[in-house]
Structure formats: structure tokens, C-alpha cells
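In what follows, a structure is listed as C-alpha cells, so that the remarks can point back to it.
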2 protein chains.
Amino acid sequence: MAGKTALSPLAPARFPDLPVVDGVTFATIAAGVRYAGRSDVMLAKLVPGTTIAGVFTRSSTRAAPVLDCQAKLGGDPAGGAAILVNSGNANAFTGKHGAESVSAIVEAVSINCGVPSVRVFTSSTGVIGEPLPHDRVVDKLPDLNDALREDGISDAARAIMTTDTYPKGAVETIEMDGQTITIVGIAKGSGMIAPDMATMLVYIFTDARIAQDNLQAIVSTSSDLTFNCITVDSDTSTSDSVIMAATGASGVDVTGDASFADAVHRLMQDLAFQVVRDGEGATKFVEITVSGADTSANAKIHAMAIANSPLVKTAIAGQDPNWGRVVMAIGKSGAPADRDLLSIRFGDVVVAEDGWVSPQYSEADAAAHMKGNEINIAVDLGLGEATATVWTCDLTHAYIDINADYRS
Amino acid sequence: MAGKTALSPLAPARFPDLPVVDGVTFATIAAGVRYAGRSDVMLAKLVPGTTIAGVFTRSSTRAAPVLDCQAKLGGDPAGGAAILVNSGNANAFTGKHGAESVSAIVEAVSINCGVPSVRVFTSSTGVIGEPLPHDRVVDKLPDLNDALREDGISDAARAIMTTDTYPKGAVETIEMDGQTITIVGIAKGSGMIAPDMATMLVYIFTDARIAQDNLQAIVSTSSDLTFNCITVDSDTSTSDSVIMAATGASGVDVTGDASFADAVHRLMQDLAFQVVRDGEGATKFVEITVSGADTSANAKIHAMAIANSPLVKTAIAGQDPNWGRVVMAIGKSGAPADRDLLSIRFGDVVVAEDGWVSPQYSEADAAAHMKGNEINIAVDLGLGEATATVWTCDLTHAYIDINADYRS
């Protein structure tokens, strides 16, 4: 199990100091859902007036908690809200037991926290296909409710981890009307990461006041450009969820404000990068930009084909500037490309132009770039003006160690 | 480089005895294209009247030899034909040099073998993006032509290998009009294998007489159900080619004959399985069948999503009956599925029914199946009557060893 618990070499130096967000309190507890001796449940309670937006996996086999959350978006904020997350068991592909477990937990949160059940959002992450022992969570709800406190978010970031090697958090602030608006977020995720949310859970909290439809638009748009542009292994989870709650406790209304939307986008990108940097077995953080496409959708198809190619990812692990495999990935993507118009850069090194090796190409320079742990691959298709950028990591022995024996 | 040269544990016991096919002769030689001390060029010369059919990669960055072959299909068979293949260099993404190398080799074959240049088919396999030193091939053509002999096909199977750990050959015979019709084939390929031909070269020879359009139909149809249903790593080569030549030397015309088409299909499946069994790092041969789909195209989308999932493939490597990852792969495929109608079998073990673990599921039985080196995964979607079967292998450390350092 080499690499399973070792800290990712791409981990940030430290978990950020996350400020209190007025209107939300947190608690965590060790319920023994699957893991012993660690906290595995987090509860966030939100004040009346909180608007909630979310984006979820598009998997056709999505888990019961995801279906429940999707049905609840846009509800009346008057009664407040709560978010409960457990790690260790995904409550996915659990048949009718799945919905029963969600109902049991939602009712227990509602009763203990005094929040309407239609405003209780839950997520579960961990093993698929085993019934969730929801009584273990339900039994802890009185203690969880008693433990709620304003500064509990960093503990919450730890409680939702599975194979993550570090907790993930981010903060953004903006000034408005002489007041500071705070946005904080936490995330988990390190494998089964691909567009459409992957095994990733993200919770974002702000004290801004914002109309639900505007919040939903911001969350959807920025998720598409951040969380839906990262991939570790092309696999997509049945449970992925991004939930954002705006308590309004600052009294400042940001509905329609571009600087708020920009701050949310920055925070989401920060968290998305942290997820990639904790990709199972990752030793390189890789940014792939495809420009010169006819449409941005086609640019993203090419970029994802490169990012998900096992041959590209193993070459990066081997520090090999193997641009031939980049050409291969473009060729197989299915989106338009003209071999003889392609140009490719690794970092600042122009590798290929006009369908062949650049006259000034230096393998030594390219190899030097590949030795770093931040790799940039840029492809210009020469067809149009559209671009896309995606982020991924390399494919190493540690990925196989982790995933060939995850359940045992 | 562990695993690069070690024989695949899934290799056949021995290379088959391939009989002579009247009307075709073979020669091989060590031209030093890239490798020293091994044969790396094969030449096959075909008698006048030989019809030729082919199927090629659909990559948009396909190599120069592929473009040249595609343009030549369906030509006049009166002058005979020749096929020349080199390993070590793919002559792919080599700009204008690519077409120049093809022309030089084609002209040399034409002059030395007395075959019209429009009937000379070439393939190249190996490293992408480096100019092919075609003079090394051209210089050997007089010796190659002198060495042509009827029984040279097993040497040819070795000359076209790259990272293959064993040569691949197959034979089928059918009786017709009191005569035996012989079909033999050779193949290379062990990585970058995915639908639309992958890095795979296949050459099939028969002494049957058959109209070119019927031969093309048989090659296209059977390739779709064999070579286009295998995947090692989801990556698709720029060079893949299946070329079939019918010399007509037996004098028996098989145009429109179903038993001939069936024999070609069996031979293609045999070779396709041999390619999967030599998948880079493979320790398990995996058959994946999806039934109960609304259309066969959607059945294949699901089957390929399972076959290409790194999480499924690493679980198989770890001998883990992790059916949750099969559910995940179905969910992400994009084709229709209803979580609560799914049933899944590993071998004979019913794992899941009606969207949850089967009541009679035995993890011990499923784990016992996973310990074998022939794994069967069957999914029924419960939506309709369409099915698809694909074949793949597991994802192991050896795959990474081979591909993180291929060029050095």
C-alpha cells in the first residue's frame, strides 16, 4: 500500500487559516462508519435565510444522497439549512436501502438541529455497494448538534477525507460597501476524478446575501471551468457534489456582482488544483492548454484526450518529453485536427511546428522542463480562435498500489 | 524495465505452424532502422491477380504510410502486389519527410520486385516523430527480393514486433469444391491498443480467389467485431492497419461464401485475442459482455467504458471483485442505464441484481474467479435486447515500467 497514506509530494505547505463565516457552524465526530479512530462525519448548520446552490455528478448510476440533494435545490430558505457528510461509505448502488439511509439521516438532522427536512443536504463518500450503517450516524446527532461551533471548518475538512493525503481548504475575501465578504471552501477527492464532478465533495460557505438563482448560476458556471476541467484517471464518481451556501449574515447583497462571482471562481480553482495535487499517486501537476480550435468544446475534447491518455501520463511520470504521444492523443480524440498545422510546446520549449519537430527543438531543454513538478503542455491546432485549459497529474506505480487494493 | 522483454504470462504455448499459402512469398532482413541485431523489415510479394482489402486507424493524425495505403485500395490486381513493413520507426508526425520516405520505399520495392508502385503497400511501426531513415530499408531491397521464399511467414511475424513479447500468428482452413482453402495471418501489437485499430499491424493471406469489394466487406465487418472490440489502454495509434491479400492461387472462388467469411472472422478474433494477451503488463485476459441494451452501439459504449476504466483495470490486477467500480463505469459512459435494473456477474457468480448486491452473492466465490487469469464480467442493463462483447487486460506496474521509459 505504498503511497496510500504518504503525503502527496505536490501537497501545499500547510492548510490555510480559514476565517469564521457568520451564519454557519460546524461539528465533527467519530461515528465509526467504516474507519476506526478518526472523525468521519461533519455537520454544518446554516442560519435562516441561507440560499443554497449545487452541482452534482451526471453519472446515470448516481448515489441516493445525490438524488436527494438535487431534488431539494431552490427550496424556501426561511427555516435555515444543514449539510451532513459522512466518509467511509458512499451509499451508492445500495438499492432501496440507499434512500432509506438518506431518509433516516435527514430526519435525525432535522429533529436534532431544528431545520426542515427539505433543507437538509447529505453526502456520502467511500466504498460503493455496501449498505450505509446509518444508525451509527443517527446515534451521534445529539452530540454533533451540541458540538456545533463557528471555527470548526478545518476539522470538517479532515472528517470528509477518504484516500486524500491532506485536507483541502481555501479562502477568498472581497470588500464591498465598506464591509468584508468572506468565502471559504473545503474539498475532498483524490481518485475517480474526471469531468462531471468525479469523487469529489466540495462545500463552500459565504456570509454574502445572494438570490438563489444567481448563486446557482455562479456555481454552475465556475464549476464548468474548474472542477469539470480536472481529471486524475478519467473515472467519474457516483457521488460528486459541490454545494455552496450563502448565509446572508453580512447583510451585504452581492446578487449580480461580478467581483463576487470572480472570487468564487478563484476559490473553486484553488480547491480544484488541490484535488489534482492529491491525485492518487501524483508526482506532477500538469496544465494542458489547447488553443486554435474551432470551438471551445472541441478544444476541451482534445485537452481531455491528452490529459486522460495513459501513455501521455506515464511518459510524464517518466519525465520523458514524449510529444509523439500528445500527437497520438489529439488524433484519437475525435475532434477536428490537421496533423500538418499542429504546434506543441512543453513549458517554454517549442517542440513541434507545422506537423513536425521544430527546427530549434532541444530535447535537453524539454527534458529539463519535464523534471520539474509543474508541467505545462500547450497545443495550438491552427484551426480557429477557441481555447480550453484542463489540469491533471501523472500516472505512477502508486496509483496502482492504491487502487489494486483499495478495499482490503 | 521489468516486464518489457519478459514473456507475457498470457502468451500462447507456442507459435502455430503456419502452412504455405500459394501465391505469396516472404523475406525478412535486419536493416538497423532502430534496433540492432534483429530483423526489422518484412517483405511479402503477391502474384498477379491478388485482391487486397484493408482497414486503417481513424486517427486524424494518421501516419504517412497509412494515407498512402488507403489511397491504393481497390487498384488493378493484374500486376501483382507487395507489402513492406518496418519496425522501429512509425514514420508518423514527420511532416513532409513522411511522404518522401514512403515514396522512396515504394519505388524501391517496385523496381526490385517488379510490382507497379500503385500496388506496393507499406506500414511502419515504432517511435513517432522521428524521420524514418528510409535509405537503410531501400539499400536492403535487392537482398530482400533475393530472399523471398514460400515459408517465410513466421520470420515475418517476428520482424514486425516492437514491444511485443511474442510473435502472433493464426491459421484457418476450409474445404470447398474438394479443395482446401488456407487463410493465415500475423499481427503485432501490445500497447496503444483501442478501438479504431490501435498500434496494431495485421497481415492476412489466403489462396482463395475473391472479388475485391467482397473481400473489403469481410475485412471491414470482421474487424469491427474483433480488432475494434479490443482495448489495452484506450490509446489509439496513428499507424494501425489490417491488410488482407487473396492470391487466388487455389483457383477456388469464394466470393459471397459465408463459410469463408466465418473463417476470416475466426482468424481475426484469434489474432485480436493474441494482441490483448500481449497487452503491456497484462496478467489477466478480460472478456466484458454487456447485454440488455437498447442498441448494440450503446452496449459497446458501456462495455468499452468498463474495459477502459483505470479503476476497474487496477481492481482486476489486484484480484478484487470490485463490482462497485463496474457500476461507476456504466454510470460515466454516457449511454442509457437504469441503476435499479442492473445485474452484474463475475464469471458464474451473480454479484448484483436489481440495483444492489445479490442475496446469494458470495465474495469468496467472486474472489476465487478473480484469481484466475481469464476473467469474465457480464452486465445486463435490463433495457432491451442488444449486446456487445469486448476484450481487454488488467493495468499493472509493468505497464508503467514499459511506458514511462519507452524511448530511453
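Restricting attention to the stretch A:353-406, the residues being facing chain B (nearest Cβ under 9 Å) and in contact with a Phe, Trp or Tyr (Cβ under 6 Å, 6 or more places away or on another chain) number 0. If you go through the stretch B:303-319 and pick out every residue that is within 9 Å of another protein chain (Cβ to nearest Cβ), farther than 17 Å from A:LEU395 by Cα and surrounded by 24 or more Cβ atoms within 10 Å (Cβ to Cβ), you end up with 1. Go through the residues of the stretch A:27-50 one by one and say whether even a single one is within 22 Å of A:ILE402 (Cβ to Cβ) and under 19 Å from the mean Cα position of the chain (by Cα). Within the stretch A:27-50, one or more residues are within 22 Å of A:ILE402 (Cβ to Cβ) and under 19 Å from the mean Cα position of the chain (by Cα). Looking only at the stretch B:45-73, residues that are assigned to a loop (DSSP other than H, G, I, E, B) and under 22 Å from B:THR247 (Cβ atoms) come to 5 in all.
With respect to B:LEU10, determine if the residue is in contact with a strand residue (DSSP E or B) (Cβ under 8 Å, 6 or more places away or on another chain) and part of a loop (DSSP other than H, G, I, E, B). Considered against the rule, which asks whether it is in contact with a strand residue (DSSP E or B) (Cβ under 8 Å, 6 or more places away or on another chain) and part of a loop (DSSP other than H, G, I, E, B), B:LEU10 comes out as yes.
Within the stretch B:321-348, the set of residues being surrounded by 19 or more Cβ atoms within 10 Å (Cβ to Cβ) and away from chain A (no Cβ under 14 Å) comprises B:ARG345 only. Look at B:VAL102 and say whether it is under 15 Å from B:ILE52 (Cβ atoms), surrounded by 16 or more Cβ atoms within 10 Å (Cβ to Cβ) and among the β-branched types (Val, Ile, Thr). In short, no. Filtering the stretch B:25-54 to residues that are more than 30 Å from B:ALA211 (Cα to Cα) and in contact with a Leu (Cβ under 6 Å, 6 or more places away or on another chain) leaves only B:ILE29.
Residue by residue, here is whether (1) closer than 24 Å to B:ARG277 by Cβ; (2) small (Gly, Ala, Ser); (3) assigned by TED's automatic domain parsing to the domain that holds B:GLY152 holds:
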site: B:LEU7; (1), (2), (3): yes, no, no
site: B:ALA30; (1), (2), (3): no, yes, yes
site: B:ARG34; (1), (2), (3): no, no, yes
site: B:ASP40; (1), (2), (3): yes, no, yes
site: B:ILE52; (1), (2), (3): no, no, yes
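The set of residues from the stretch B:259-288 being touching a Lys or Arg at 6+ places or on another chain (Cβ under 7 Å) and either assigned to a strand (DSSP E or B) or at pLDDT 95 or above (or both) comprises just one member, B:PHE285. Considered as a group, the residues in the stretch B:42-60 that are in contact with a strand residue (DSSP E or B) (Cβ under 8 Å, 6 or more places away or on another chain) and within 14 Å of chain A (Cβ to nearest Cβ) include one that is surrounded by the most Cβ atoms within 10 Å (Cβ to Cβ), and that residue is B:THR57. The selection criterion, being crowded, with 23+ Cβ neighbours inside 10 Å and either assigned by TED's automatic domain parsing to the domain that holds A:LEU311 or touching a residue at least 12 places away in the same chain (Cβ under 8 Å) (or both), does not hold for A:THR387.
Of everything in the stretch A:134-153 that is of a type outside the set (A, V, I, L, M, F, W, C) and surrounded by fewer than 17 Cβ atoms within 10 Å (Cβ to Cβ), the residue that is nearest to A:VAL109 (Cα to Cα) is A:PRO142.
Quick check on A:GLY256: is it under 30 Å from A:MET161 (Cβ atoms) and part of a loop (DSSP other than H, G, I, E, B)? No; evaluated as a whole, the condition is false for this residue.
Quick check on the stretch B:61-77. Is at least one of its residues on the phi > 0 side of the Ramachandran plot and either surrounded by fewer than 24 Cβ atoms within 10 Å (Cβ to Cβ) or out of contact with any strand residue (DSSP E or B) (no Cβ under 6 Å at 6 or more places or on another chain) (or both)? So far as the stretch B:61-77 goes, yes, one or more of its residues are on the phi > 0 side of the Ramachandran plot and either surrounded by fewer than 24 Cβ atoms within 10 Å (Cβ to Cβ) or out of contact with any strand residue (DSSP E or B) (no Cβ under 6 Å at 6 or more places or on another chain) (or both). Evaluation of A:ARG119 against the conditions (1) under 25 Å from B:GLU353 (Cα atoms); (2) more than 14 Å from chain B (Cβ to nearest Cβ); (3) of a type in the set (Lys, Arg) shows that the sole unmet condition is (1). For the stretch A:26-41: of the residues being in a loop (DSSP other than H, G, I, E, B) and aliphatic (A, V, I, L, M), which is farthest from the other protein chains (Cβ to nearest Cβ)? Filtering the stretch A:26-41 for residues that are in a loop (DSSP other than H, G, I, E, B) and aliphatic (A, V, I, L, M), the one farthest from the other protein chains (Cβ to nearest Cβ) comes out as A:ALA30. In this structure, A:ALA82 qualifies as in contact (Cβ under 8 Å) with a residue 24 or more places away in the chain, in contact with a Cys (Cβ under 7 Å, 6 or more places away or on another chain) and more than 30 Å from B:TRP323 (Cβ to Cβ).
Exactly one residue out of B:THR226, B:THR295 is assigned by TED's automatic domain parsing to the domain that holds B:ILE153 and in contact (Cβ under 8 Å) with a residue 12 or more places away in the chain, and it is B:THR226.
The values are calculated or read from the model by the stated rules, or taken from the named source; none is laboratory data. These figures come from a predicted structure and were not determined experimentally. Heads up, the Cβs are rebuilt from the backbone with ideal geometry, glycines too, and the neighbour counts pull from every protein chain shown.
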